[in-house]
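I have placed the structure first, in the form of structure tokens, so that the comments after it can refer back to it.
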Amino acid sequence: MIRKRSLHAPTHSSRGFSQVPSFRHLQIAIVLVLTVLIVGTVGYMEIEQLSFFDALYTTVDMMATIGSSSHPDTEAGRIFTLFVVVFGVGSLLYTFGAGMEFIIEGHFNQAVRRHLMDRKIGALRNHCIICGFGRVGSQIAEDFTEEQKVFIVVDENEQNIQTCLQCGYLALQGDATRDDILREAGIEHARTVLVATDNDAHNISITLSARHLKRELFIVARANRDETKVKLKLAGANRVLSPYTISGHYMANLVFEPAMVELFEAIMQAETGDLVVEEVELAPTAKIIGQTMRDAQNTLLHQGVVLVALKRYGSILSTPTQHLLITRGDSVVVIGKLAQITAFCHKHMSAAHKQMFQEE
């Protein structure tokens with residue numbers, strides 16, 4: 001089967017919590033209580049000439065209507081006490097009501113969960129950011145979950161975010177075209193951004209922002225129209241895909257080359273066995289550098305590895321000639337059993353790619 005790398009897929013988060021009405025009520029209540037405490041403490045220090053601690057104790061005592069502290073000696077102090085009692089009791093009752101509203105509506109649990117999820121987002125490293133959770137984005141998330149990839153979904157739609165949470169995805173509600181949202185999603189530590197919204201203008205803007213924030217980021221962007229492909233490339237996308245074009249080619253190949261399509265599906269969807277497809281960036285010291293495709297294939301066959309394609313300057317040479325020389329900087333696409341592919345990678349893979357391979 002396709003090799004599944006052991007990465008933990010975290011659970012999830014959402015934004016906009018500070019906009020919840022009950023949370024705003026709780027904030028107002030806390031401000032009222034603190035205001036009464038400060039005014040009461042300062043007032044008793046000025047009117048009754050009490051020390052800071054005694055003034056604070058008296059204020060709390062009057063707010064709680066306990067009456068254990070000594071009564072004010074001056075008429076001004078007694079009048080001031082009336083205001084402290086009235087406003088203090090009122091603020092405490094308002095705080096109690098706001099707190100109960102906050103807890104009953106379940107926002108307290110959300111606050112705790114949000115805090116934990118924010119910490120998980122901050123700890124993300126070498127993760128993928130999926131921008132847009134429509135039909136394309138949801139399928140990407142599903143495939144990433146099956147492959148145990150670490151990812152976070154960014155989407156503006158609250159309903160989509162709730163769907164992410166129900167599915168157990170790490171999610172962030174916000175506009176992915178904004179730099180601060182991408183930073184909050186951990187773009188500085190991300191390895192890949194997948195731009196999958198159904199709006200080409202948004203996709204171009206997200207691609208520009210992502211490339212600006214991290215120059216070495218690998219960006220895969222969705223193009224809904226053919227004329228958008230060039231713009232996305234200019235914006236900084238490493239790969240541009242059109243779901244409609246891919247679907248059309250796939251349907252045509254089912255007619256003209258059904259065997260090849262079935263083989264591809266068997267490789268990509270196998271649930272048993274240990275078949276692995278891997279792209280390997282060759283080390284400068286790899287022994288197959290300088291060999292022709294034919295000679296390299298003969299060498300690798302003895303190792304149980306099949307060479308299926310050569311990648312040069314970022315492009316796959318799907319039909320390279322048998323006499324084409326493999327040069328430094330090339331990558332190869334190989335198929336084989338997990339043990340053989342692992343041995344091949346450790347023997348021929350470049351140091352930078354090997355470090356990334358080990359992290360995954």
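The values are calculated or read from the model by the stated rules, or taken from the named source; none is laboratory data. What you are looking at is a predicted structure, and each value in this text was computed from that prediction instead of being measured. All Cβ positions, even for glycine, are placed from backbone atoms using ideal geometry, and neighbour counts span all protein chains on display. These area figures cover heavy atoms from the full protein model, side chains too; ligands, DNA and RNA do not enter into them. Shrake-Rupley method; radii C 1.70, N 1.55, O 1.52, S 1.80 Å.
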Can you go through 203, 160 and tell me which one is part of a helix (DSSP H, G or I) and either surrounded by fewer than 14 Cβ atoms within 10 Å (Cβ to Cβ) or in contact with a helix residue (DSSP H, G or I) (Cβ under 7 Å, 6 or more places away or on another chain) (or both)? 203
Condition test on residue 7, is it at pLDDT 85 or above, of a type in the set (A, V, I, L, M, F, W, C) and outside any helix (DSSP H, G or I)? no
Members of segment 302-335 found to be under 14 Å from residue 288 (Cα atoms) and outside any strand (DSSP E or B), listed by number: 302, 303, 322, 323, 324, 326, 327, 328, 329, 330
Tell me the residue from 317, 310 that is in contact with a helix residue (DSSP H, G or I) (Cβ under 8 Å, 6 or more places away or on another chain) and either open to solvent by 50 Å² or more (accessible area, probe 1.4 Å) or closer than 30 Å to residue 233 by Cα (or both), please. 310
Are any residues in segment 163-193 open to solvent by less than 10 Å² (accessible area, probe 1.4 Å) and assigned to a helix (DSSP H, G or I), and if so, which ones? 164, 181, 182, 187
For residues that are surrounded by 14 or more Cβ atoms within 10 Å (Cβ to Cβ) and farther than 13 Å from residue 243 by Cα, tally how many sit in segment 215-227. 3
